[in-house]
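Take a look at the structure set out below.
Readers should treat all values here as calculations from the given coordinates under stated rules, not as data from a laboratory. Since we're looking at a predicted model, the values are computed, not measured. Please note: Cβ atoms are built from the backbone with ideal geometry, for glycine as well, and neighbour counts cover all protein chains shown.
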Amino acid sequence: MTEASNNTLRKIIHIDMDAFYASVEQRDNPLYQNKPIVVGGSPEGRGGVVATASYEARKFGIRSAMSSKRAQQLCPDAIFVRPRFAAYKEASQKIREIFQRYTDLIEPLSLDEAYLDVTIDKQNIGSAIAIAKLIKQAIKDELQLTASAGVSINKFVAKIASDLNKPDGLTFIAPAQIEAFMEKLPVEKFFGVGKVTAEKMKSMQLFTGADLKKLTEAALKQHFGKVGAFYYQIVRGIDNRAVQPHRETKSLGAEDTFPFDLTDMETMSVELDKIALVVFDRLQRHQLKGRTITLKVKYHDFKQITRNQSFAEPIGDLETIAATAKSLLAASDITDKKIRLLGITLSNFGEFMPKPKNPDHPEQLKLFP
């Protein structure tokens, strides 16, 4: 099992806010409470993209990165709300302040989730479960928001646990329970297993952790490359990654492999909008801006090209990221080409220096018509 450097089992909490953007909107506007709220672009015109949705909207199958037009089809009564990133960042900062009452070992993954190492906690409470309960209650009392928590001895298991009883859940997976828990876990829940890898695993009759456990480490590496060694460890409940409060990020991006090859620029532009939204959200999480935007294109025959553009000043707004990626794509030779993957990466980071602005100003929201 995972152990800290002093041979003591780590106490790890993963906190994940419940439908964060939508919950902030419902908290701040009583008319939105208990209603299907979609935060993102309007479904009018070409339509925008869903950033997140309230649980009332998720019941209809609405999910993040879905087109707003599709979301409206699934739930005609959905209320579409433009994102207010300043409000979300303010709430996120207050949540971080609550975390800091108990530990300084905090690794933010986004505005709405983080790992906490409470092996040694500031208030000498000693129980990670008790600390998780106190954090959840403070978030509810002070911010009128709910969070779900997962508690275990490593990051991977804690993260999976936080998702088991949403919303407002708390799940503890004890050391003795981890291997049995991992054996029952579907392969698509494993860290690093995307849609393509999950399909490959299922074609090999690998559906659960128990199925993966039957393969040797050498066999997993043969089929899945270096990450196979990670699968071998994690299915046995071994995850030695430490909580990293000061992790250096050298590049940040997102990409998507499509279920069918793309052949027209309009469809590619829509997909780049979705990818740009993911990249933008990750930049917000890490409080970063980059000077270089790189576009990645993979063709149906797996040939790959990259194109990049650099800026004199760091940029991080959604409009520039999407527009630059589209410009780089338009300048590439994609005529009569079938494209299976698109990706956007930012690098060459500078300090995040937000300009004072009205939180409802549309400067960063032009992809949300």
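How big, in percent, is the set of alpha carbon pairs in segment 178-234 lying more than 12 Å apart?
Working: 984 of 1596 pairs.
Within segment 178-234, distances greater than 12 Å cover 62 percent of Cα pairs.
If r is the Cβ-Cβ distance from Arg307 to Asn29 and R0 is 30 Å, what FRET efficiency results, to the nearest 0.05?
0.10
With runs of 4+ DSSP H residues as the only contributors, calculate the mean residue ellipticity of the chain at 222 nm using -39,500 (n - 2.57) per run, divided by the residue total and rounded to the nearest 500. The partial results should precede the final answer.
Details: 13 runs with 131 residues, N = 369.
Rounded to the nearest 500, the figure is -10500 deg cm²/dmol.
What are the trypsin sites (Lys or Arg not before Pro) within segment 244-321 that DSSP puts in a loop, where the Cβ has at most 13 other Cβ atoms within 10 Å? Show your work: numbers first, answer last.
Values: sites: Arg247, Lys250, Lys274, Arg282, Arg285, Lys289, Arg291, Lys296, Lys298, Lys303, Arg307; in loops: Arg247, Lys250, Lys303.
The qualifying sites are Arg247, Lys250, Lys303.
Report Rg(Cα)/(2.2 N^0.38 Å) for the chain, keeping two decimals.
Expressed relative to 2.2 N^0.38 Å, the Cα Rg reads 1.03.
Excluding Gln304 itself, what net charge comes from residues whose Cβ is under 15 Å from its Cβ, given Lys and Arg +1 and Asp and Glu -1?
+2
May I ask you to compute the full-extension gain from Gln100 to Phe258, defined as 0.36 nm times their residue separation minus their alpha-carbon distance, rounded to one decimal in nm?
52.8 nm is the gain from fully extending Gln100 to Phe258.
Could you tell me the relative contact order of the chain? Use alpha-carbon pairs under 8 Å, at least six residues apart, and round to a whole percent.
Here the relative contact order equals 17 percent.
Using the Karplus equation 6.51 cos²θ - 1.76 cosθ + 1.60 (θ = phi - 60°), what ³J(HN,Hα) coupling, rounded to whole Hz, does each residue of segment 107-122 give in order, writing x for Gly and Pro?
Along segment 107-122, the couplings run 10, x, 9, 6, 5, 10, 8, 6, 9, 10, 9, 10, 3, 10, 10, 4 Hz.
Charges only on Cβ, +1 for Lys and Arg, -1 for Asp and Glu: so what's the dipole of segment 251-355 about the Cα centre, in debye to the nearest 20?
Roughly 320 debye for segment 251-355.
Kindly provide the chymotrypsin sites (Phe, Trp or Tyr not before Pro) of segment 164-260 that DSSP labels as loop, not H, G, I, E or B, and whose Cβ sees at most 15 other Cβ atoms within 10 Å. Walk me through the intermediate numbers first.
Values: sites: Phe172, Phe181, Phe190, Phe191, Phe207, Phe224, Phe230, Tyr231, Tyr232, Phe260; in loops: Phe190, Phe191, Phe207.
Here the chymotrypsin sites (Phe, Trp or Tyr not before Pro) that fit, given the DSSP loop and packing criteria, are Phe191, Phe207.
Peptides 64-70, 34-40, 154-160: what's the order by average Cβ count within 10 Å, highest mean first?
Highest mean packing first, the order is 154-160, 34-40, 64-70.
Pulled fully out, how much extra length does the chain show between Ala210 and Gln287, if you take 0.36 nm times their separation in residues and subtract their Cα-Cα distance?
Full extension from Ala210 to Gln287 adds 23.8 nm.
How compact is segment 63-188 by the rule of thumb for globular proteins, expressed as Cα Rg over 2.2 N^0.38 Å?
Expressed relative to 2.2 N^0.38 Å, the Cα Rg reads 1.23.
Name the residue farthest towards the positive end of the dipole of the chain from the options Ala254, Ala242, Leu329, assuming +1 on Cβ of Lys and Arg, -1 on Cβ of Asp and Glu, about the Cα centre.
Going by the Cα projections, it comes out as Ala242.
Taking a cut-off of 20 Å between Cα atoms, list the lysines near Lys289, but don't count ones fewer than 8 places away on the same chain.
Excluding near neighbours in sequence, the set is Lys89, Lys250, Lys274, Lys326, Lys355, Lys357, Lys366.
Using a simple charge model, +1 on the beta-carbon of Lys and Arg, -1 on the beta-carbon of Asp and Glu, nothing else, what dipole does the chain show about its Cα centre, in debye to the nearest 20?
500
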